[in-house]
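The values are calculated or read from the model by the stated rules, or taken from the named source; none is laboratory data. As the structure is a computational prediction, the values presented were derived from the model and not from experiment. Cβ atoms come from the backbone with ideal geometry, glycine included; neighbour counts cover every protein chain shown. Areas reflect the complete protein model, heavy atoms only, side chains present, ligands, DNA and RNA absent. Shrake-Rupley method; radii C 1.70, N 1.55, O 1.52, S 1.80 Å.
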Amino acid sequence: MNENINRNSTARWRDLDIRHHLNPFSDYKTLKSEEGGSRIIVRAEGAHLYDSEGQKILDGMAGLWCVNLGYGREELARSAYEQMLELPYYNSFFKTTTPPTVELAEKLAELAPGDLNYAFYGSSGSESNDTVVRMVRFYWNKAGKPGKRNFISRTHAYHGSTMASASLGGMKPMQQIYGLPLEGFHHVVPPYWYDFGGELSPEEFGLQAAQAIEEKILELGPETVAAFIGEPIMGAGGVLIPPDSYWPEVQRICNKYDILLVADEVICGFGRTGEMFGSQRYGITPDMMTLAKGITSGYLPLSAVMVNERIASKLREEGGEFAHGYTYSGHPVSCAVALTNLALLENEDLVRRTREETGPHLRGRLNELVDHPLVGEVRSEGLIAAVELVRDKQARSRWDDKGTAGQICRDHCFARNIILRAVRDAMVFSPPLTIETSQIDELVDGLRVSLDRTLEDLARR
Ligand SMILES: *Cc1c(COP(=O)(O)O)cnc(C)c1O
């Protein structure tokens, strides 16, 4: 591209973004000003993005935790193209469906743990978590226990941005001023040892955090509690990796009080943790599972709720239709791309590679950062990881409660053409599963330099 045209189009796109576009999760006061403005991403290949000024950027976040196969995969583009020519759209309402829709349902049933043999589709994780709320209440109604309507989740959880999924979530800034959570949604402490574990060992704390769910169940009355929902590893909440004692205890408690266990696998699913699903990493068998993001590597919008035999057989009994669904539920083009995406994930052996090669390499390199004065803890599982920035390692204390250290560090990484995300004061990683070990080195080396710069900035304040 001609240098001048290039500069002009960047200015034009920035200007359009400021004048006409409301970006998600953005502070418009800072973004929509002359000194702010968005970076315009125009192209991508492998683990790299290219912006409109020709900068090459290493994407340590796989977009938003989703581009698991990396960018520029011709096979995915081709399957979308072919399916669009064959049948670009038809719905699954009113006794119809399409071949890719049901073939993907079979594939998901084969991959999913236990007897999670049924898929209900949507176009986003948020939509599918709304489906969970609807379906769980429909289930308990049919099961003759309409009083079971409450949901239990964790603070710091992210389950999406619609009214119901944000109610399941536990992020304060997403709730108070929007009148959320809606009635019937309750939150307990997350298994976040670094911030909440105090003097307990991680394993002791894991048990205690699980038992907080039991206390909440008893407080509400087990006959009123419908389900517990959790991500095996909490992603957007700061990559909170639970102690191994946590999930088996959660499963025991849910079984004891007949509470449905829902695993939100939107990030953990499809290999991120080094197992096909996070539930398998932690040895749990959920009743339902939410899938999205990695299901198509983000190439097209698609999500699913996987449902086990117990629930599906109840839904199939006499007594009224499940009055719920989306125009794009089971969209044939998205499902065709998902089928190709899952075939590539298997053919390229990416789950095993994440568990045995790239995951351990990332962990090894991150462990080298623990001697840095800013680093309080590093944690990782497969290709999802976090580095906690602290003021005082002994006291596990922060620089402030606004996540300033994280933001400064994130900006230094960004300036070095490396994308990592800051969640409060944790720098988080979720690269494409196709990432090379040399690119992992580049991310960690870039982070170390950025940590040095961040420390200088913080000391100067
Ligand atoms: C991203 C995410 C969602 C929401 O998915 P959308 O496709 O953005 O609606 C739900 N749950 C988890 C765990 C997520 O990471």
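Among the residues of this structure, ALA166 does not count as one that is in the same structural domain as ILE267 (by TED's automatic domain parsing), surrounded by fewer than 16 Cβ atoms within 10 Å (Cβ to Cβ) and on the phi < 0 side of the Ramachandran plot. Annotation note: Cβ proximity below 7 Å between a residue of the stretch 254-278 that is without any contact (Cβ under 8 Å) to a residue 60 or more places away in the chain and in the same structural domain as VAL132 (by TED's automatic domain parsing) and a residue that is among the hydroxyl-bearing types (Ser, Thr, Tyr) and surrounded by 24 or more Cβ atoms within 10 Å (Cβ to Cβ) (sequence gap 6+ or interchain) occurs for ALA263/SER279; GLU265/SER279; GLU265/THR290.
How many of the residues making up the stretch 140-163 are open to solvent by less than 20 Å² (accessible area, probe 1.4 Å) and either within 22 Å of the chain's Cα centre (by Cα) or within 13 Å of the ligand (Cβ to nearest atom) (or both)?
Of the residues in the stretch 140-163, the ones open to solvent by less than 20 Å² (accessible area, probe 1.4 Å) are 140, 148, 151-154, 157, 159-160.
Now narrow it down to the ones that are either within 22 Å of the chain's Cα centre (by Cα) or within 13 Å of the ligand (Cβ to nearest atom) (or both): 151-154, 157, 159-160.
Matching residues across the stretch 140-163 total 7.
Do we have TYR282 as open to solvent by 30 Å² or more (accessible area, probe 1.4 Å) and away from the ligand (no atom under 12 Å from the Cβ) here? No: the conditions fail for TYR282.
The residues in the stretch 213-236 that are β-branched (Val, Ile, Thr) and farther than 30 Å from ALA385 by Cα can be counted, and the count is 3.
Quick check on my filter: what residues within the stretch 74-110 are surrounded by 14 or more Cβ atoms within 10 Å (Cβ to Cβ), more than 28 Å from GLN280 (Cα to Cα) and of a type in the set (Val, Ile, Thr)? Hits for the stretch 74-110 are THR97, THR98.
Could you tell me which residue of the stretch 124-139 is surrounded by the most Cβ atoms within 10 Å (Cβ to Cβ), considering only residues that are more than 12 Å from the ligand (Cβ to nearest atom) and closer than 16 Å to ILE259 by Cβ? Among those that are more than 12 Å from the ligand (Cβ to nearest atom) and closer than 16 Å to ILE259 by Cβ, it is VAL133.
Restricting attention to the stretch 381-412, the residues that are without any contact (Cβ under 8 Å) to a residue 40 or more places away in the chain, within 23 Å of the chain's Cα centre (by Cα) and open to solvent by less than 10 Å² (accessible area, probe 1.4 Å) add up to 2. For the stretch 425-461, filtered to residues that are more than 23 Å from THR404 (Cα to Cα) and part of a helix (DSSP H, G or I), the residue that is most open to solvent (accessible area, probe 1.4 Å) is GLU442.
Given the condition of a type in the set (A, V, I, L, M, F, W, C), part of a helix (DSSP H, G or I) and more than 13 Å from the ligand (Cβ to nearest atom), answer yes or no: does some residue in the stretch 260-275 qualify? Scanning the stretch 260-275, I find no residue that is of a type in the set (A, V, I, L, M, F, W, C), part of a helix (DSSP H, G or I) and more than 13 Å from the ligand (Cβ to nearest atom), so the answer is no.
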